[in-house]
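J.: Have a look at this one before I ask anything.
Every read-out reported here was derived from the displayed coordinates using simple, explicitly stated rules and does not represent laboratory data. Quantities reported herein were computed from a predicted structural model and do not represent experimental measurements. All Cβ positions, even for glycine, are placed from backbone atoms using ideal geometry, and neighbour counts span all protein chains on display.
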Amino acid sequence: MIVAQRKTIPDLLAIVEKHRKLLVLGCGTCVTVCLAGGQREVSIISSALRMAAKLKGLPLEVEEGTIERQCDNVFLEQAADTIKNHDAVLSLGCGAGVQALAERYSGKPVYAGLDTAFIGILEERGVWAEKCAACGACMLHLYGGICPVTRCAKHMLNGPCSGSREDHCEVDSARPCAWQLIYERLKSIGQLDELKKTKPPKNWRPSLAGGCRTIVREDHRV
Ligand code: SF4
Ligand code: SF4
């Protein structure tokens with residue numbers, strides 16, 4: 001899932017304080033699961049903004065709403081009437097959701113209420129960790145399903161770097177060495193021979209380094 005975290009209330013107020021009628025719009029998918037921008041967070045952030053605005057003497061009205069997915073026009077359409085009735089929208093969706101809203105409702109200010117961080121999973125209660133950097137050419141089959149691009153601090157495709165200490169990364173001792181994990185995983189699935197093959201330099205063109213990406217599926221176009 002896409003993992004995000006909310007901006008602080010003072011930061012949010014500074015972004016929206018020039019408006020009078022604000023809609024705080026949550027998203028029911030990734031940001032709900034990572035406890036950043038779902039219905040519950042919409043309610044908490046809206047209440048905090050109302051209080052902060054009152055303390056500053058600002059005439060800010062804050063209304064709340066949540067749709068299933070902000071990155072999908074079908075669901076964005078469902079919020080059309082509510083959005084039209086407000087001066088601005090504070091989106092608690094990820095960066096894609098914010099931009100989908102802004103494209104759909106031209107002329108309506110749409111602001112990001114979250115900082116979108118990464119693609120990851122819940123590792124333990126209250127802890128999310130990055131697992132994929134969306135490099136555009138997945139190589140997980142070569143590494144036992146553990147991503148060296150994302151999880152090795154030096155992004156080593158032919159590791160390890162020899163700096164690990166007690167199976168932990170020399171760059172961040174709180175994190176396990178990705179190459180220790182790769183070794184253990186390949187051993188457990190009987191594919192240790194993979195480590196004898198030197199991997200060639202990666203082509204980074206399909207990654208963000210090659211510019212903004214699109215995927216075209218001709219078989220789905222009309
Ligand atoms: S190899 Fe690329 S696509 Fe696959 S998990 Fe790692 S960053 Fe993501
Ligand atoms: S210690 Fe392991 S995870 Fe850390 S940079 Fe070196 S190889 Fe990568």
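J.: How high is the relative contact order of the chain, in percent, with contacts defined as C-alpha pairs under 8 Å that are six or more residues apart?
T.: About 17 percent, as a whole number.
J.: GNM on the chain, C-alpha springs below 10 Å: top fluctuator among Q78, Q99, Q70?
T.: Q78
J.: Loop only per DSSP, at most 15 neighbouring Cβ atoms within 10 Å: give me the trypsin sites (Lys or Arg not before Pro) in segment 46-109, ordered by residue number.
T.: Here the trypsin sites (Lys or Arg not before Pro) that fit, given the DSSP loop and packing criteria, are K56.
J.: List the GluC sites (Glu not before Pro) within segment 30-114 that fall in a DSSP loop (any state other than H, G, I, E or B) and whose Cβ has at most 15 other Cβ atoms within 10 Å. Don't skip to the end; give the middle numbers.
T.: Working: sites: E41, E61, E63, E64, E68, E77, E103; in loops: E68.
Here the sparse-neighbourhood loop sites are E68.
J.: With both bridge residues required to lie in the chain, what share of the DSSP beta bridges run antiparallel, to the nearest 5%?
T.: If we restrict to bridges inside the chain, about 45 percent are antiparallel.
J.: Please list, ordered by chain and number, the residues whose modelled amide H lies under 5 Å from the amide H of D115; skip anything fewer than 5 residues away on the same chain.
T.: The list, which skips near neighbours in sequence, is Q5, R6, K7.
J.: If amide hydrogens are placed 1.01 Å from N in the peptide plane, which non-local residues have theirs closer than 5 Å to the one on T66?
T.: So T66 has HN proximity to G26.
J.: Follow-up. Return one number: the angle in degrees, 0 to 90 and rounded to the nearest 10, between the long axis of the Cα atoms of helix 178-188 and the longest principal axis of the Cα atoms of the chain.
T.: 60
J.: Whose amide H sits under 5 Å from the amide H of W128, counting only residues 5 or more places off or on another chain, with H placed in the peptide plane?
T.: E123
J.: While we're on this one: Would you look at the GNM of the chain, springs on alpha carbons closer than 10 Å, and say which of L13, L23, L208 moves the most?
T.: The residue that fluctuates most here is L208.
J.: Let me ask you something else. Sum up the charges of everything whose Cβ sits under 14 Å from the Cβ of R6, counting Lys and Arg as +1 and Asp and Glu as -1, but leave R6 out.
T.: Computed value for this residue: -1.
J.: What distance in nm lies between label points placed 7 Å from Cα along the C-beta direction at S207 and K154?
T.: Taking the simple label geometry, S207 and K154 are separated by 1.6 nm.
J.: Report the number of Lys pairs in the chain whose alpha-carbons are under 22 Å apart, with separation of 8 or more residues or on distinct chains.
T.: 25
J.: A further question follows. With the radius of gyration and the Kirkwood radius both derived from the Cα set of the chain, what is their ratio Rg to Rh?
T.: Computed over Cα atoms, the ratio is 1.08.
J.: Could you work out how far apart the two model spin labels at S106 and L122 are, taking each label as a point 7 Å from the Cα in the direction of the beta carbon, and quote it in nm?
T.: Here the modelled spin labels are 4.0 nm apart.
J.: G120: net charge of surrounding residues, Cβ under 11 Å, Lys/Arg +1, Asp/Glu -1, itself excluded?
T.: Once all neighbours under 11 Å are counted, the net charge is 0.
J.: Provide the per-residue ³J(HN,Hα) series for segment 58-69, in order, calculated from phi with Karplus coefficients 6.51, -1.76, 1.60 and θ = phi - 60°, each as a whole number of Hz, with x at glycine and proline positions.
T.: Along segment 58-69, the couplings run 8, x, 9, 9, 10, 10, 10, x, 9, 10, 5, 8 Hz.
J.: Q191: net charge of surrounding residues, Cβ under 11 Å, Lys/Arg +1, Asp/Glu -1, itself excluded?
T.: +2
J.: With θ taken as phi - 60° and the coefficients 6.51, -1.76 and 1.60, list the Karplus ³J(HN,Hα) couplings across segment 119-130 in order, rounded to whole Hz; mark glycine and proline as x.
T.: Values, residue by residue: 9, x, 9, 6, 8, 7, 3, x, 10, 10, 10, 6 Hz.
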